[in-house]
Amino acid sequence: NGSREELVEKVKAALSDKRFQHVLRVEEMAIKLADQWQVDKELASITALTHDYAKERSDIDFLNKISEKKLDTDLKNWGNNVWHGVVGAEMVKDELGINHEDILNAIRQHTTGGVTMTKLSQVLYMADYIEEARDFPGIDEVRALAFKDLAASVGWQTAHTLAYLVDKQVKIYPGTLLTYNAWSVK
Ligand code: DGI
Ligand code: FE
Ligand code: FE
Ligand code: FE
């Protein structure tokens, strides 16, 4: 598929080899999850290939984009972890010409999740977390869960990421807390 190859080249040029290899593994896992959950596999592929497109951009690039696109000014108080998804989606749109809102929203939500997430968004969120090279306590359990109960696996990831961030004593993005309340607790 010619459009995939063009996209791959652009993403490859924007990333270190290590991160590019991660992106290819996320694509592989996203297609498997898409197959399981009746999500369009081509959409899953494009979404996965572009999800970390902006990850290696400078803080200045993100701050400029927040101003240019008139995004919530509170975003300026955060950092790369939050920006590369939420603001990175604007770079995917402006630089790669991807205008599909479901794709852009999935990219926006891929780090912090969201209160409402489409199947595509859940697939990307989980594929990023469970791609083949990921290894952490509970990985086997959450990999199986993602194929058995997608929403439950979203809740699992959010709860574990939140606990990890609290343990590290880093700031929690309010959106991450909203995702936790929506998906991880009854
Ligand atoms: O880009 P990746 O490394 O593939 O993965 P990611 O985009 O899912 O996550 C990037 C990092 O963001 C990860 O180390 C966890 C962190 N993160 C997620 N939610 C929050 C957060 N960091 C802060 N400070 N606050 C959050 O709410
Ligand atoms: Fe990411
Ligand atoms: Fe993630
Ligand atoms: Fe990623």
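The values are calculated or read from the model by the stated rules, or taken from the named source; none is laboratory data. The structure displayed is predicted, hence computed values, not measured ones. Positions of Cβ are backbone-derived with ideal geometry, glycine not excepted, and every protein chain shown enters the neighbour counts.
For the reader, a short list of remarks on this structure follows.
- Of the helices (runs of 4 or more DSSP H) contained entirely in the range 1-90, those carrying at least 1 residues that are crowded, with 16+ Cβ neighbours inside 10 Å, within 16 Å of ligand 3 (Cβ to nearest atom) and of a type in the set (Gly, Ala, Ser) fall at 17-36, 41-50, 80-86.
- For the range 46-80, the candidate set comprises residues that are β-branched (Val, Ile, Thr) and in contact (Cβ under 8 Å) with a residue 24 or more places away in the chain; within that set, the residue that is farthest from Asp128 (Cα to Cα) is Ile46.
- Scan of the range 108-139 for residues that are of a type in the set (A, V, I, L, M, F, W, C) and more than 15 Å from ligand 4 (Cβ to nearest atom), ordered by number: Val115, Met117, Leu120, Ile139
- Subset of the range 129-146 [over 16 Å from the mean Cα position of the chain (by Cα) and either in a helix (DSSP H, G or I) or at pLDDT below 95 (or both)]: Ile139, Asp140, Glu141, Val142, Arg143, Ala144, Leu145
- Total residues in the range 1-20 satisfying the condition of being in contact (Cβ under 8 Å) with a residue 12 or more places away in the chain and within 14 Å of ligand 2 (Cβ to nearest atom): the figure is 5.
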